[in-house]
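For reference, the structure is listed below as structure tokens.
The values are calculated or read from the model by the stated rules, or taken from the named source; none is laboratory data. These numbers come from a predicted model, not from an experiment. Note that each Cβ is placed from the backbone with ideal geometry, even for glycine, and that neighbours are counted across all protein chains shown.
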Amino acid sequence: MDTLATEKKAVKAVDSADFLPLKNWDHIEFYCGNAKQSAFYYQYAMGFKLTAYSGLETGNRERASYLLEQGKIKFVLTTPYHPDNFISDHIRQHGDGVRDIALEVDDAESAFNETVKRGAVPAMEPTKIEDENGFIIRSAIKTYGDTLHSFIQRNNYKGLFLPGFVDASAKAVQGIKDAGLRSVDHMVGNVELGKMNFWVKFYGETMGFSQLLSFDDKDISTEYTALMSKVMQNGTGKIKFPINEPAAGKKKSQIDEYLEFYHGAGCQHIAMNTTNIVETVSELKRRGVEFLRVPTTYYQELEARVGKIDEDVDELAKHGILVDRDDDGYLLQLFSKPIEDRPTVFFEIIQRKGAKSFGKGNFKALFEAIEREQEVRGTL
Ligand code: FE2
């Protein structure tokens, strides 16, 4: 056997081994001013189910947390009981926003060690947390702004969610219909001017992700504003993090507006998959979720741009659903308006029909739609 060849092969295997194998999204935690009321929005408007709770009644003297689930999506809404803690500081600074993009792993200690060794700033040392249903191991590192990535190892836990949480079905609004949201597709971060490549390098070198796509200001600009974006994804392609930064334009971009109102970098939007966007969007609209609108001219040019699609174009036009095509297929998407008073976090509803991209062909129409909203808000 050729020893040198074997050695080379071995080295290659080590190189390509994923030092941070991520099983999936675990959950997304929002810090918010009034989790009890927000939980109603997610149930009534968005079709989530309230499934677990932690708070005073369960012995938690520090914070109340509500777990809301739809499909595989898990949102945790957390409100502090008192002012002298980091959660209150986070809310004062950012308003309601995403604190933690938690990822499920097989080994939370290794995830912590491997990323910290590569430069990640630690936020929580690997810690065993238990209750009568078993234990989890949790660790966390910092990412952009005040946002974290927790690593959750739950193979020894049989409870509903995390230790300390109890069944909340008695608190849940009864008779809420699912809106068809199935899983998290991607989560986008807005970072400060000049910081995109820093965070691209962080996801690349510290977390072992690779760069999927890159958009510069020529791709994403209108007459007035521009942004730059790079998409990072993990080894399995399940976890995708586009990172945006503002680019120079005549007026203030949506990214600048976000950074101004969030007071720093943070999660801009959460994209969630559906298998029937027309049904999902009409259901969400009926319940009061507000979406961006593109001009009707968008639909006159649609078939010429994306070719034949299964959906009825009039139906898409009625709901303002956008379409884009790439080499692998096409996708349908729609963006909500910000989901709180500060123009910061919003949702994307996406249905993928083969396409693996992010709707580049819609950027201009979408950006102009956002600018019309900014104009109304006086923040353009
Ligand atoms: Fe997106």
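Scan the stretch 253-267 for residues that are closer than 19 Å to Asn197 by Cβ and in contact with a Pro (Cβ under 6 Å, 6 or more places away or on another chain) and jot them down.
Result: Ser253, Ile255, Asp256.
Which residue pairs have Cβ atoms closer than 6 Å, lie 6 or more positions apart in sequence or on different chains, and pair a first residue in the stretch 269-287 that is over 12 Å from Gly47 (Cα atoms) and at pLDDT below 95 with a second residue that is surrounded by fewer than 20 Cβ atoms within 10 Å (Cβ to Cβ) and not hydrophobic (A, V, I, L, M, F, W, C)?
From residues that are over 12 Å from Gly47 (Cα atoms) and at pLDDT below 95, there are no pairs.
From the list Val313, Val278, exactly one residue is more than 16 Å from the ligand (Cβ to nearest atom) and either touching an Asp or Glu at 6+ places or on another chain (Cβ under 6 Å) or not assigned by TED's automatic domain parsing to the domain that holds Phe363 (or both). Which is it?
The match here is Val278.
In the stretch 19-120, which helices (runs of 4 or more DSSP H) lie fully inside it and hold 1 or more residues that are in contact (Cβ under 8 Å) with a residue 24 or more places away in the chain and within 29 Å of Gly237 (Cα to Cα)? Even if it seems obvious, please write down each step before you answer.
On the way: elements: 35-40, 86-94, 108-117.
Where helices (runs of 4 or more DSSP H) fall fully within the stretch 19-120 and carry at least 1 residues being in contact (Cβ under 8 Å) with a residue 24 or more places away in the chain and within 29 Å of Gly237 (Cα to Cα), they are 108-117.
Tally up the residues in the stretch 55-70 that are closer than 22 Å to Val184 by Cβ and out of contact with any helix residue (DSSP H, G or I) (no Cβ under 6 Å at 6 or more places or on another chain), please.
Count: 4.
Answer yes or no: is there a residue in the stretch 177-199 that is within 16 Å of the ligand (Cβ to nearest atom), farther than 22 Å from Ile73 by Cβ and over 20 Å from the mean Cα position of the chain (by Cα).
No, because not a single residue in the stretch 177-199 is within 16 Å of the ligand (Cβ to nearest atom), farther than 22 Å from Ile73 by Cβ and over 20 Å from the mean Cα position of the chain (by Cα).
Can you name every residue in the stretch 345-366 that is under 23 Å from Thr274 (Cβ atoms), out of contact with any Asp or Glu (no Cβ under 8 Å at 6 or more places or on another chain) and either in a strand (DSSP E or B) or more than 13 Å from the ligand (Cβ to nearest atom) (or both)?
Phe346, Phe347, Ile349, Gln351, Ala365
Out of (1) surrounded by 19 or more Cβ atoms within 10 Å (Cβ to Cβ); (2) touching a Pro at 6+ places or on another chain (Cβ under 9 Å), what's the single condition that is false for Thr236?
Thr236 satisfies every listed condition except (1).
Looking only at residues that are in a strand (DSSP E or B) and not aliphatic (A, V, I, L, M) in the stretch 254-274, which one is nearest to the ligand (Cβ to nearest atom)?
Step one: list which residues in the stretch 254-274 are in a strand (DSSP E or B), which gives 266-274.
Those still in the list that are not aliphatic (A, V, I, L, M) too: 266-269, 273-274.
Values: Gly266: 15, Cys267: 11, Gln268: 8, His269: 6, Asn273: 11, Thr274: 14 Å.
Checked the stretch 254-274; the qualifying residue nearest to the ligand (Cβ to nearest atom) is His269.
Just checking, which of Thr206, Thr225, Thr236 is among the β-branched types (Val, Ile, Thr) and more than 21 Å from the chain's Cα centre (by Cα)?
Exactly one of Thr206, Thr225, Thr236 is among the β-branched types (Val, Ile, Thr) and more than 21 Å from the chain's Cα centre (by Cα), namely Thr225.
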